[in-house]
Amino acid sequence: MDLSSTCKLSRLFGCFFTPLTCKYCLALVTIALFFRAIFLHSFSGYGVIKSNNLRLILSPSLHLESHEGIRGDKFLEVPQIVWGLNNQKIAFARACLTARMLNRTLLMPSLSASLFYKEIDLLHPISFDQVFQFERFNSLCNRFVRLGRYSDLGNQTGKYDLRKGSGRKWTVERDLEQLKQSSRGPIDKYQVISMAGKNPFLWHDHWPVKDYARVFECLVLVDEIAKEADKVVSKIRRIGRKLRSETNFGAEGSSLSHAPYVAIHMRVEIDWMIHCKKLEQRSRISQICSSKQEIMERVGNIVGLGSTAIVYLAVADSLLNDSSILDGWKRGLVPFEKKKLGVDGIYKKHSYLIQSAIDYEVCSRADIFVGNSFSTFSSLIVLERTQRVIRMGITSSCGIDVRWPSYAYNIPGESNGPQKWMTNMSDSNLKAISYGSNAISC
């Protein structure tokens with residue numbers, strides 16, 4: 001660059017110094033831009049996580065920040081989601097987080113209305129938007145995950161079938177590497193990546209509990225199902241108000257407008273007891289199964305429960321004709337299940353999946369919830385209740401009375417009652433939530 005051009009640049013940038021000074025300034029600017037480019041290149045593209053001797057290089061989509069949003073012209077397709085309600089919720093959330101890692105919109109999957117495990121032709125698929133609100137989901141999860149319809153597809157670059165590996169050799173690391181490769185290069189050019197093979201519940205887990213919780217918060221029942229749950233809760237509270245009135249429980253000045261109730265997810269049916277006994281043997285953990293007597297005793301010992309309380313028992317249909325589950329409760333605890341409550345007709349109108357969704361909502365809204373920490377149903381309810389408590393600024397239930405307390409009846413706690421239970425939101429994956437003793441008291 002000659003002297004005249006240097007001076008022209010100095011006048012362009014408002015630099016009225018000597019030619020030598022201008023050359024010096026431009027040299028500094030050039031050096032600064034050079035190092036800035038190197039710095040940005042070093043910290044974009046791939047993030048790095050080090051754990052012991054394992055060094056994972058994460059693709060941009062794995063640590064995608066929420067403000068970047070999700071692509072609306074690239075999609076992920078997953079197999080039909082099966083098994084129980086909460087296994088399906090976990091599978092759906094895992095599919096959402098996989099799509100987020102790939103920076104793709106998840107095509108609305110089919111859920112399963114029935115509880116068949118092997119007979120694929122008996123699974124009775126049901127559309128996601130027949131259970132949960134589609135638009136509401138995208139609104140609440142905006143720029144975190146995104147759900148799309150098949151009508152959003154065009155005829156652009158077709159579909160790529162991606163088969164998940166299986167067996168012991170298909171490790172977490174190999175699975176993660178497959179997803180990383182699918183998030184870039186030739187595969188990423190396809191409009192649709194279709195995951196073939198296993199149900200998403202069985203996929204390897206790469207995401208922390210807090211990410212799952214974020215997805216679960218976006219799942220809002222459609223009005224038809226929510227109104228059915230409203231009817232059940234209203235019936236419970238109406239009976240509760242009547243009971244409090246008859247026992248003069250409200251004479252001390254407490255309001256009768258809100259009658260609190262306890263919900264218990266009572267797992268004592270034969271198939272569960274067989275399953276949990278085997279699980280205790282395999283895991284060498286003795287605090288998984290609980291007898292009916294043990295549950296009743298521990299619930300009766302909850303500190304501060306009060307002298308009178310309505311108890312809603314969320315039990316399997318096979319126990320509805322077993323009157324013994326209503327007998328033997330501590331004086332003042334008045335138990336009801338859906339049949340005694342007179343709401344079994346509400347449940348019978350619907351498929352297994354919808355019945356579970358109604359019971360989940362009833363338990364979730366309870367003033368006190370008691371469940372089994374090895375049950376997925378109980379664990380997801382406690383996760384949701386923990387989120388509510390955290391939003392109030394409380395991160396521990398130790399030594400204090402919190403709203404929406406939860407307990408695990410399979411683990412002994414204070415005064416031989418059930419242990420206080422809050423979900424550990426710092427867990428690195430959902431394994432403890434799926435099948436594990438994740439009940440923590442503080």
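The values are calculated or read from the model by the stated rules, or taken from the named source; none is laboratory data. These numbers come from a predicted model, not from an experiment. Methodologically, a virtual Cβ is constructed for each residue, glycine included, from the backbone with ideal geometry; neighbour enumeration extends over all protein chains shown. The protein model used for the area step is the full one, side chains on, heavy atoms only, and it has no ligands, DNA or RNA in it. Shrake-Rupley method; radii C 1.70, N 1.55, O 1.52, S 1.80 Å.
List the pairs from Lys277/Lys420; Lys198/Lys420; Lys89/Lys348; Lys169/Lys431 whose alpha-carbon separation is above 27 Å, in the order I gave them.
In this structure, Lys198/Lys420 exceed 27 Å between Cα atoms.
In square angstrom, what is the accessible area per residue of the range 71-218 with a 1.4 angstrom probe?
Accessible surface, normalised per residue, equals 45 Å².
From the phi angles alone, apply the Karplus equation (6.51, -1.76, 1.60; θ = phi - 60°) to the range 295-302 and give each ³J(HN,Hα) in whole Hz, x where the residue is Gly or Pro.
These are the phi-based 3J(HN,Hα) values: 5, 4, 5, 5, 4, x, 9, 4 Hz.
Name the long-range amide H neighbours of Gln191: under 5 Å, sequence gap of 5 or more, or other chain; modelled H, no Pro or chain starts.
Those lying under 5 Å, H to H, from Gln191 are Thr157, Gly158.
What are the radius of gyration and Dmax of the range 71-218, computed over its Cα atoms and given in Å?
Answer for the range 71-218, Rg first and Dmax second: 14.7, 40 Å.
Show me the trypsin sites (Lys or Arg not before Pro) within the range 119-224 that DSSP assigns to loop and that have at most 10 other Cβ atoms within 10 Å of their Cβ.
Loop-located and lightly packed - Arg168, Lys169.
What are the trypsin sites (Lys or Arg not before Pro) within the range 373-433 that DSSP puts in a loop, where the Cβ has at most 12 other Cβ atoms within 10 Å?
Those that pass, being in a loop and sparsely packed, are Arg403.
Please list, or write none, the lysines whose alpha carbon is within less than 17 Å of the alpha carbon of Lys189, excluding same-chain residues fewer than 8 places away.
Partners within reach: Lys74, Lys159, Lys180.
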